[in-house]
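Each remark here refers to the structure printed beneath this line.
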Amino acid sequence: MSATDDLIERLVVGLTPVPQSTVRNRLGLGVGIGLAVSATAMVVTMGLRPDLTSAITTTSFWIKFAFTGLLASAGAVAVERLAHPDGSAGSAGIVSGAVIVAMISLAVGQLLASAPADYRGLIMGSTSSSCPWLIMLLAVPVLTLGLWTMRAMAPTRLTRAGGAVGLLAGAASAFVYAFSCDESALPFVALWYGLGIAATTFVGAVLGRSALRW
C-alpha cells in the first residue's frame, strides 16, 4: 500500500454515513425560521387584508396561493437536490415552468373575458409600484438563512443552487404577502407577483456564486 493509500485509509476510519434526511432537516429548519420572520414582519408592518373572510370564498384568491405555493414547493425540491454535489433539479424546473405557463394562461383568459376598459385595472391594480419590492423585502430572511444553511452543505452548481434558494425565498414570501395584499386579479398576480419572485431568484443566483463557494 502506498503512502497516499495509507493516508486515505486513516482519514476515513470511523466515518459513518450521514442520514439522507439530514440535508432536508437542516434546510427545513433554516428556511422555516426565515419564513417565520417574514410572516411576523408582514403581520406587524402590513397586517392581514381586511376582507380576508370574504376573499377566501373567491376562486382567484386560491389561485394566487396555488401559484405561489407550487413555486415555493418546486424551489424547496430544487434546493434539497442542489445541496448535494452535482445535484440536479430538472424536475423542479419543469414543474416551475408548468406553473408559470398555467398562471399566464389563466391571466390571459381573464383578460380575454373582460372588457378592454378593464385591462388597466386588471394588470396594474393599485399596488403595482410596491408589490414586487415588498415581496423581495419579505424574502430577505428566507434568502439569507437559506443561503447560510446551503453553504454548510456540498453544492457544486453554485449559481443554480443560489437561484433555487432565491426561487424558494421569493415564492414563499409572495405566499406570505398574499395574506396582506388585496389584489386578486390574475393578470396582476402573474405579472407583479411573478416579477418579485423572478427578481429574488436572480438575486439568489448572483449571490450563490460567491456565498456558496467552498
Subject >> Counted residues, segment 25-63 - those being more than 17 Å from Ser173 (Cβ to Cβ) and surrounded by 15 or more Cβ atoms within 10 Å (Cβ to Cβ) >> reply: 5
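Which one is surrounded by the most Cβ atoms within 10 Å (Cβ to Cβ) among residues in segment 140-167 that are within 14 Å of Ala199 (Cα to Cα) and among the aliphatic types (A, V, I, L, M)?
Val165
Among the residues of segment 129-139, which ones are of a type in the set (Gly, Ala, Ser) and surrounded by fewer than 24 Cβ atoms within 10 Å (Cβ to Cβ)?
Matches in segment 129-139: Ser129, Ser130.
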Subject >> Pick from segment 172-205, criterion of a type outside the set (A, V, I, L, M, F, W, C) and assigned to a loop (DSSP other than H, G, I, E, B), ranking: surrounded by the fewest Cβ atoms within 10 Å (Cβ to Cβ) >> reply: Asp182
**OP:** Evaluate segment 103-118: report whether one residue or more is under 22 Å from Tyr177 (Cα atoms), assigned to a helix (DSSP H, G or I), among the small types (Gly, Ala, Ser) and under 21 Å from the mean Cα position of the chain (by Cα).
**Re:** yes
Original post:
From Leu122, Leu138, which residue is at pLDDT 95 or above, part of a helix (DSSP H, G or I) and over 24 Å from Thr59 (Cβ atoms)?
Top reply: Leu138
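Listed here are the residues, each with its yes/no results for (1) modelled with pLDDT under 90; (2) of a type outside the set (Asp, Glu); (3) under 14 Å from Ala178 (Cα atoms); (4) out of contact with any strand residue (DSSP E or B) (no Cβ under 7 Å at 6 or more places or on another chain).
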site: Pro19; (1), (2), (3), (4): yes, yes, no, yes
site: Arg26; (1), (2), (3), (4): yes, yes, no, yes
site: Gly30; (1), (2), (3), (4): yes, yes, no, yes
site: Ala36; (1), (2), (3), (4): no, yes, no, yes
site: Met42; (1), (2), (3), (4): no, yes, yes, yes
Original post:
surrounded by fewer than 12 Cβ atoms within 10 Å (Cβ to Cβ), under 20 Å from Thr68 (Cβ atoms) and out of contact with any His (no Cβ under 9 Å at 6 or more places or on another chain) - does that describe any residue in segment 96-104?
Top reply: yes
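Rundown of residues vs (1) in contact with a helix residue (DSSP H, G or I) (Cβ under 7 Å, 6 or more places away or on another chain); (2) touching a residue at least 12 places away in the same chain (Cβ under 8 Å); (3) not acidic (Asp, Glu), yes/no style:
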residue: Ala41; (1), (2), (3): yes, yes, yes
residue: Thr45; (1), (2), (3): no, no, yes
residue: Leu48; (1), (2), (3): no, yes, yes
residue: Asp51; (1), (2), (3): no, yes, no
residue: Ser54; (1), (2), (3): no, no, yes
residue: Gly69; (1), (2), (3): yes, yes, yes
residue: Gly75; (1), (2), (3): yes, yes, yes
residue: Ala78; (1), (2), (3): yes, yes, yes
residue: Pro85; (1), (2), (3): no, yes, yes
Original post:
Going by the structure shown, is Leu143 part of a helix (DSSP H, G or I) and without any contact (Cβ under 8 Å) to a residue 40 or more places away in the chain?
Top reply: no
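The values are calculated or read from the model by the stated rules, or taken from the named source; none is laboratory data. Keep in mind the model is a prediction, meaning the values are calculated, not measured. In this analysis, Cβ positions are derived from the backbone assuming ideal geometry, glycine residues included, and neighbour counts consider all displayed protein chains.
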